[in-house]
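Okay, so here's the structure we're looking at.
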Amino acid sequence: MPSELRGNTTYILVKLAPGANVEQVRAEIKRRLPYNDVFTGQEWATRSRSYWVDSTGLGLNMYLTVFLGCLVGIVVVAQTLYTSTMEHIKEFGTVKAIGGGNADIYAILGKQATIAAVLGFALGSVMAFALRPLIYKIDLKLVIPPQLFAIVFAGSLVLCPRRP
């Protein structure tokens with residue numbers, strides 16, 4: 001290592017040629033710079049993510065934001081279903097009068113909750129994807145992997161109350 005870099009280097013980024021063996025290059029860098037850590041791109045990303053989520057307040061803030069979002073969502077949906085139930089109490093009484101049971105009423109409310117979850121998820125998804133170009137203009141990137149999309153949809157269905 002050149003003497004002007006010794007003790008002054010924070011990191012060195014190495015771009016490999018196509019087909020290069022990552023482990024061989026890594027071993028050679030480690031041999032030439034024995035007092036430095038050598039990470040692959042994935043290892044560095046994991047380490048950086050872990051630092052920001054675990055060692056700073058960012059992780060706690062993210063978890064609290066998700067928790068509060070879920071809580072507010074549940075309250076809004078519950079209030080909407082409660083209001084709808086109270087507005088249609090006579091209709092539910094009619095269902096009971098013609099022989100319907102509590103299970104029938106719960107099924108109706110469950111369908112309403114499912115419709116609310118699907119519509120809410122659809123509207124939220126449209127808004128998120130519509131914001132992508134605006135977010136891109138401020139040099140940020142909105143990444144929504146399919147797995148996250150599926151998890152949020154499943155969470156929307158689970159978090160919508162099924163009983164009054």
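The values are calculated or read from the model by the stated rules, or taken from the named source; none is laboratory data. Small disclaimer: the values here were computed from a predicted structure and weren't measured. Neighbour counts are summed over all protein chains in view; Cβ atoms, including those assigned to glycine, are modelled from backbone coordinates with ideal geometry. Just the protein is used for accessible areas: all its heavy atoms, side chains included, with ligands, DNA and RNA removed. Shrake-Rupley method; radii C 1.70, N 1.55, O 1.52, S 1.80 Å.
Within the stretch 81-106, the residues that satisfy the criterion of being open to solvent by less than 50 Å² (accessible area, probe 1.4 Å) and outside any helix (DSSP H, G or I) are G100, G101. If the condition is being surrounded by 13 or more Cβ atoms within 10 Å (Cβ to Cβ) and assigned to a helix (DSSP H, G or I), then the stretch 150-162 contributes V152, F153, G155, S156, L157, L159. The listed residues are L109, L142, and the only one of them that is of a type in the set (A, V, I, L, M, F, W, C) and either assigned to a loop (DSSP other than H, G, I, E, B) or open to solvent by 40 Å² or more (accessible area, probe 1.4 Å) (or both) turns out to be L142.
Answer yes or no as to whether L64 is of a type in the set (A, V, I, L, M), open to solvent by 70 Å² or more (accessible area, probe 1.4 Å) and modelled with pLDDT under 90. When the stated conditions are applied, L64 does not pass them.
Within the stretch 115-128, residues that are under 12 Å from L81 (Cβ atoms) and assigned to a helix (DSSP H, G or I) have Cβ atoms under 6 Å from residues that are open to solvent by 40 Å² or more (accessible area, probe 1.4 Å) and not β-branched (V, I, T) in these pairs: A117/L157, counting only partners at least 6 apart in sequence or on another chain.
Residues of the stretch 1-28 that are among the aliphatic types (A, V, I, L, M) and modelled with pLDDT of 85 or more: L16, A17, A20, V22, V25, A27.
Condition check ((1) surrounded by 11 or more Cβ atoms within 10 Å (Cβ to Cβ); (2) among the β-branched types (V, I, T); (3) assigned to a loop (DSSP other than H, G, I, E, B)) across all residues:
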position: K15; (1), (2), (3): no, no, yes
position: R31; (1), (2), (3): no, no, no
position: E43; (1), (2), (3): yes, no, no
position: T46; (1), (2), (3): yes, yes, no
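Going through (1) assigned to a helix (DSSP H, G or I); (2) among the hydrophobic types (A, V, I, L, M, F, W, C); (3) open to solvent by less than 60 Å² (accessible area, probe 1.4 Å); (4) under 30 Å from V25 (Cα atoms) one by one, V38 falls short only on (1). The set of residues in the stretch 27-58 that are farther than 20 Å from L16 by Cβ and in contact with a Phe, Trp or Tyr (Cβ under 7 Å, 6 or more places away or on another chain) contains only L58.
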